[in-house]
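Peer 1: One structure is given below, represented as structure tokens, and several questions about it will come after.
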Amino acid sequence: MLIQAHRATSIAEGPTLRRILLGITLIFLTLFLLFPLAAVFSEALSQGLSVYWQAINEPDATSAIRLTLLVTGLSVSLNLVFGLCASWAVAKFSFPGKSLLITLIDLPFSVSPVISGLIYVLLFGAHGLFGAWLKANDVEIIFAVPGIVLATVFVTLPFVARELIPIMEAQGRGDEEAARTLGASGWQIFFRVTLPNVKWGLLYGVLLCNARAMGEFGAVSVVSGHIRGMTNTMPLHVEILYNEYNFVAAFAVASLLALLALVTLALKALLESHNTNTPNAPRL
Amino acid sequence: MRIDIHDVYKAFEGGSRALNGINMTIADGELVALLGPSGSGKTTLLRAIAGLENPDHGDILFNGGTVAGHDVRDRKVGFVFQHYALFKTMTVRKNVSFGLSILPRKQRPSKAAIIARADELLHLVQLEGLENRYPSQLSGGQRQRVALARALAIEPSVLLLDEPFGALDAKVRKDLRRWLRELHDRTGHTTVFVTHDQEEALELSDRVAVIHQGRVEHMAPPAELYGQPATPFVCSFLGASNQLEVTVSKDQVLHCGHALPLPRPHSITDGPHQLFIRPHEFQIRSVDDQTPGILCRVETVRLSGALVRIDLRFAACGTAIEVEVPILDFERHPWKVGDAAMVTIRNVRMF
Ligand SMILES: Nc1ncnc2c1ncn2[C@@H]1O[C@H](COP(=O)(O)OP(=O)(O)OP(=O)(O)O)[C@@H](O)[C@H]1O
Ligand SMILES: [Mg+2]
């Protein structure tokens, strides 16, 4: 209370400073965020709705949309499982190498996405470590959907786990132990106690993971091979169209991605307001 | 249910020895308090009984049969955690019915029966009307009772409570304490509770186990524990005591070279010993009295409710003691700072 009151007065004391700071912030936001966003939509719609509709209804575009949804669905589900397991293990058990595991989970954040893609090419590509074996057994990973999923999973690996670990750690083992004394089995504890306790954090992590999975460019670009109608995701498709000077179509597909980003943002805001409004929900 | 604990040891990673050879027997239907200073191993012992902690050595028996290797789920122990550990995403009613709702389908009562049972328990803990609240919307005392109702729902044969009244204010504590005793008498569970409040332990329980450094120092009914403590630790831990270094030789008890007005106890060997005297076990008289005693000088006089606390100092060697006098005696003889007084000793414990 005291600190807040103090802050309020000190800000009120410098109205000029406040105006300058606010002005700078707004200029930056407009220049770097609102303008480009508006440009995407205006360019996409510059030749009317029907052209826009055609651009996103064209077979290569719909294929890219479908692939993006598939890859996102798969990688978000995989990361959901991984994130739950990893955060559960880290937060509720002690084992040797625990801090190493936490560091490893963060690795994809610090590695350039291009390198993340290259790792898989080196492993599964035609001249890669397992390349010969995969070819002999007729398994396609690189320049095919599995490779894209792998690269996306790698890049988005930290989102769910990172979100859950601090929440689970803060909650400790008390609730689980209480459930055990009441006779609950491991699964019952997980589904009835642990999961409900972290559900808002989990949703938040999934949302972030989802946004990143849809938009991932670098890693996917390396492993995809850019085969139109086959291994092109939406971001890759946008690039191809753009390089072909097909601006309207490029921006039309881009506008879909932007729209998805806006929806994610809105959901995130909704989640956050839910969290601050309910006293019993864990804080994100 | 009768609980036997045989020679239980437990050390944690990092070398801290929490339990150091615990032995005790808790009779069926008994209400036992585990009392001890912070870090003495009370919580660890309670958790070992519940199965939340595995002893490194030793055995725990329920009704004569070992429970080593029995999972927590199978022990049917009601556990009330220090901070309640209520499920915060569930309503009060859901919390209380949790234990029944997770039973295998064959043993599980119908939905209506579960709700009825939960409401019955909430009535027992006097929380009717709060069924649909969430734990965050309850006071500390109410949460405590929800935790208790939840533990009772599985009809445990043993009820274990870790500092059940720790986080509550004095008034609520007193009420809940009496209420827990009544509940215990009515249901007949074997109940073990942890406390570091000695008044609570002495007032509430059939027997108190004083735990110190992972060992049972003394386990006895409250009156015996207070009157004839087994060890110096128990004596100084329970209630206020004046502690004097004495030497026993021949038929005398000497304190810094002066004989105290005490008969020499028979069971004690010659040599240095520790003498514990409770503040009310001194008698303080005027110097004109002809009874032999220790000549003292009054240092401070403090009124505290129905008692007067008087600090005195031995005239001969300067040892300070604290004496309690009932207010009626004090009114008959109002001691003032600087008065000379003759102190006699009614009762002592010597180790
Ligand atoms: N999980 C743990 N890991 C390591 N050491 C522990 C653990 N739990 C307890 N200890 C140690 O074991 C000893 C006994 O702890 P315990 O919690 O049983 O004490 P307590 O008597 O309940 O104390 P308090 O009155 O403060 O609750 C302490 O020294 C404590 O530091
Ligand atoms: Mg404790």
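Peer 1: Of the residues B:Gly64, B:Gly69, which single one is more than 14 Å from chain A (Cβ to nearest Cβ) and touching a residue at least 60 places away in the same chain (Cβ under 8 Å)?
Peer 2: Checking each option against the conditions leaves just B:Gly64.
Peer 1: For segment B:208-233, name all the residues that are open to solvent by 10 Å² or more (accessible area, probe 1.4 Å) and either within 16 Å of ligand 1 (Cβ to nearest atom) or closer than 22 Å to B:Leu46 by Cα (or both).
Peer 2: B:His212, B:Gln213, B:Arg215, B:Val216, B:Glu217, B:His218, B:Met219, B:Pro221, B:Pro222, B:Phe233
Peer 1: Regarding B:Arg105, is this residue away from ligand 2 (no atom under 16 Å from the Cβ), over 29 Å from B:Glu182 (Cβ atoms) and open to solvent by 10 Å² or more (accessible area, probe 1.4 Å)?
Peer 2: Yes, satisfied.
Peer 1: While we're here: Give the residue, chosen from B:Pro104, B:Pro109, that is at pLDDT below 95, out of contact with any strand residue (DSSP E or B) (no Cβ under 8 Å at 6 or more places or on another chain) and more than 10 Å from every other protein chain (Cβ to nearest Cβ).
Peer 2: Residue meeting the stated conditions: B:Pro109.
Peer 1: Just to check your reading of the model, which residue among B:Leu160, B:Leu138 is within 16 Å of ligand 2 (Cβ to nearest atom), open to solvent by less than 30 Å² (accessible area, probe 1.4 Å) and within 14 Å of chain A (Cβ to nearest Cβ)?
Peer 2: Details: B:Leu138 fails: within 16 Å of ligand 2 (Cβ to nearest atom).
Just one listed residue meets the conditions, B:Leu160.
Peer 1: Taking segment A:233-248, which residues are buried (at least 23 other Cβ atoms within 10 Å of the Cβ) and modelled with pLDDT under 90?
Peer 2: Restricting attention to segment A:233-248, the residues satisfying the condition of being buried (at least 23 other Cβ atoms within 10 Å of the Cβ) are A:233-234, A:236-238, A:241.
None; the set is empty.
Peer 1: Next question, about the same structure. Of all residues in segment B:254-282, how many are basic (Lys, Arg) and under 24 Å from B:Val308 (Cβ atoms)?
Peer 2: Total satisfying the criteria: 1.
Peer 1: I'm checking my understanding of the structure. Among residues of segment B:157-184 that are touching a residue at least 40 places away in the same chain (Cβ under 8 Å) and farther than 24 Å from B:Lys76 by Cα, which one is farthest from the chain's Cα centre (by Cα)?
Peer 2: By that ranking, first place goes to B:Ala167.
Peer 1: Looking only at segment B:186-198, which residues are open to solvent by 10 Å² or more (accessible area, probe 1.4 Å) and either of a type in the set (Lys, Arg) or out of contact with any Phe, Trp or Tyr (no Cβ under 9 Å at 6 or more places or on another chain) (or both)?
Peer 2: Answer for segment B:186-198, where residues must be open to solvent by 10 Å² or more (accessible area, probe 1.4 Å) and either of a type in the set (Lys, Arg) or out of contact with any Phe, Trp or Tyr (no Cβ under 9 Å at 6 or more places or on another chain) (or both): B:Arg186, B:Thr187, B:Gly188, B:His189, B:His196.
Peer 1: Which one of B:Asp71, B:Asp4, B:Asp59 is away from ligand 1 (no atom under 16 Å from the Cβ), modelled with pLDDT of 90 or more, of a type outside the set (Gly, Ala, Ser) and closer than 30 Å to A:Lys92 by Cα?
Peer 2: B:Asp59
Peer 1: Would you confirm whether or not segment B:199-206 contains a residue that is more than 14 Å from every other protein chain (Cβ to nearest Cβ), within 16 Å of ligand 2 (Cβ to nearest atom) and surrounded by 14 or more Cβ atoms within 10 Å (Cβ to Cβ)?
Peer 2: yes
Peer 1: Within segment A:116-153, track down each residue that is out of contact with any helix residue (DSSP H, G or I) (no Cβ under 8 Å at 6 or more places or on another chain) and touching a residue at least 60 places away in the same chain (Cβ under 8 Å).
Peer 2: Within segment A:116-153, just A:Ala144 meets the criteria.
Peer 1: Moving on to the next point. Give me the pairs: first residue in segment B:185-199 and touching a residue at least 60 places away in the same chain (Cβ under 8 Å), second residue open to solvent by 40 Å² or more (accessible area, probe 1.4 Å) and more than 12 Å from ligand 1 (Cβ to nearest atom), beta-carbon distance under 7 Å, and six or more apart or on different chains, which are they?
Peer 2: B:His189/B:Ser157; B:Thr190/B:Asp28; B:Thr190/B:Ser157
Peer 1: Scan segment B:31-56 residue by residue and report those that are under 25 Å from B:Glu182 (Cβ atoms) and within 13 Å of ligand 1 (Cβ to nearest atom).
Peer 2: B:Ala33, B:Leu34, B:Leu35, B:Lys42, B:Leu46, B:Ile49, B:Ala50
Peer 1: A further question on this structure: Any residue in segment B:101-112 that is β-branched (Val, Ile, Thr) sitting within a Cβ distance under 6 Å of a residue that is not in a loop (DSSP other than H, G, I, E, B)? List the pairs, counting only those 6 or more apart or interchain.
Peer 2: Hits for this filter: B:Ile102/A:Gln188.
Peer 1: Regarding B:Arg93, is this residue facing chain A (nearest Cβ under 9 Å), under 30 Å from A:Gly201 (Cα atoms) and open to solvent by 30 Å² or more (accessible area, probe 1.4 Å)?
Peer 2: Here the answer is no, as B:Arg93 does not meet what is asked.
Peer 1: Which residues, counting only those in segment A:159-188, are hydrophobic (A, V, I, L, M, F, W, C) and within 9 Å of chain B (Cβ to nearest Cβ)?
Peer 2: A:Ala178, A:Ala179, A:Leu182, A:Ala184
Peer 1: Looking at (1) open to solvent by 50 Å² or more (accessible area, probe 1.4 Å); (2) more than 16 Å from ligand 2 (Cβ to nearest atom); (3) within 9 Å of another protein chain (Cβ to nearest Cβ), can you tell me which one B:Leu86 breaks?
Peer 2: All conditions pass for B:Leu86, except number (1).
Matching residues to (1) of a type outside the set (Val, Ile, Thr); (2) within 19 Å of the chain's Cα centre (by Cα); (3) open to solvent by 60 Å² or more (accessible area, probe 1.4 Å):
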position	(1), (2), (3)
A:Ala39	yes, no, no
A:Gly48	yes, no, no
A:Ala64	yes, yes, no
A:Leu69	yes, yes, yes
A:Thr72	no, yes, no
A:Ser75	yes, yes, no
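The values are calculated or read from the model by the stated rules, or taken from the named source; none is laboratory data. Not measured: the values here are computed from a predicted model. Heads up, the Cβs are rebuilt from the backbone with ideal geometry, glycines too, and the neighbour counts pull from every protein chain shown. Side chains are part of the model used for accessible areas, which takes the heavy atoms of the whole protein and leaves out ligands, DNA and RNA. Shrake-Rupley method; radii C 1.70, N 1.55, O 1.52, S 1.80 Å.
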